[in-house]
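These notes are about the structure you will find just below.
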Amino acid sequence: MQNIELNHDELDFRSKEAYKTLRTNIEFSGSEVQVVCVTSCIPNEGKSSTSFELAKTFAVNGKKTLLVDADLRKSVMRQRHKKGRVRLGLVNYLVGQSSLEDAICETDVKNLHLIFSGPVPPNPSELLGNKRFMAMIEAAREQYDIVIIDTPPLGSVIDTAVVSKCCDGAVMVIESGAISYRFARRVKEQLDVAGCRILGAILNKVQMSNKGYYGKYYGKYYGKYYGKYYGNYGASRSE
């Protein structure tokens with residue numbers, strides 16, 4: 001197991017309470033909900049930050065938590081949240097280059113373990129659909145109270161639908177004012193087809209005052225440009 005320190009964003013009171021409410025809502029979704037994937041419709045809606053803060057909230061509340069960065073095409077989690085070097089990640093495990101134990105990072109947050117995505121593979125959907133990924137989820141169910149999986153935007157690539165088949169539920173992160181209702185419904189229908197229970201949606205980057213309230217660690221994305229992400233998600237990791 002690798003040992004790492006994490007970069008932490010200092011959240012204001014309102015954001016902290018929002019994540020606590022989200023955690024409580026997931027807990028009240030049923031005792032059978034143990035593995036949850038987090039997705040969005042388009043890039044930059046805040047799903048990775050939501051996944052990280054949600055996992056941290058569970059851990060701080062005493063739950064043994066595993067956060068899995070399954071955005072193999074264009075992960076932003078390791079750039080934002082890790083300090084130092086991580087040798088092995090999810091891709092290394094999925095291609096048989098490491099054991100699951102070696103791919104897991106023990107963080108400086110009590111009860112929080114994390115698996116980073118690792119190197120960019122040429123076949124992310126196939127890797128996420130293979131037997132080693134399913135075996136990882138089953139092993140995680142035995143070792144952890146809650147597993148949070150950060151997945152790519154489902155409106156861009158199909159990876160999330162593949163991952164969701166192993167999950168007990170999914171949460172959609174939707175940026176306020178960025179996408180149309182029709183587009184969000186189409187993404188929801190993809191989860192329905194995959195047979196994944198939808199636990200709910202998170203309306204993110206909501207303007208709370210005249211000055212605007214977006215959460216200081218989120219970027220801004222205008223939904224009218226979402227079409228350009230079809231077919232080329234993951235072409236660049238500079239985001």
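Table for the structure above
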quantity: Gyration tensor (Cα) of region 30-223, equivalent ellipsoid semi-axes in angstrom; calculated: 25, 19, 17
quantity: Modelled FRET efficiency - R0 25 Å, ASP108 with VAL206, Cβ distances, 0.05 increments; calculated: 0.20
quantity: Candidate aspartates and glutamates for bridging to LYS131, where Cα separation is under 20 Å - those fewer than 8 sequence places away on the same chain excluded; calculated: ASP69, ASP71, GLU101, ASP102, GLU142, ASP150, ASP159, ASP168
quantity: Peptides 61-68, 148-155 ordered by average Cβ neighbours within 10 Å, highest first; calculated: 148-155, 61-68
quantity: Those chymotrypsin sites (Phe, Trp or Tyr not before Pro) in region 7-48 that DSSP places in a loop and that have at most 11 other beta carbons within 10 Å; calculated: PHE28
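Rule-based calculations on the coordinates, nothing more; no lab input. What you see is a predicted model; the values in this text were computed from it and never measured. Ideal geometry is used to build each Cβ from the backbone, glycine not excepted, and the neighbour counts take in all protein chains shown.
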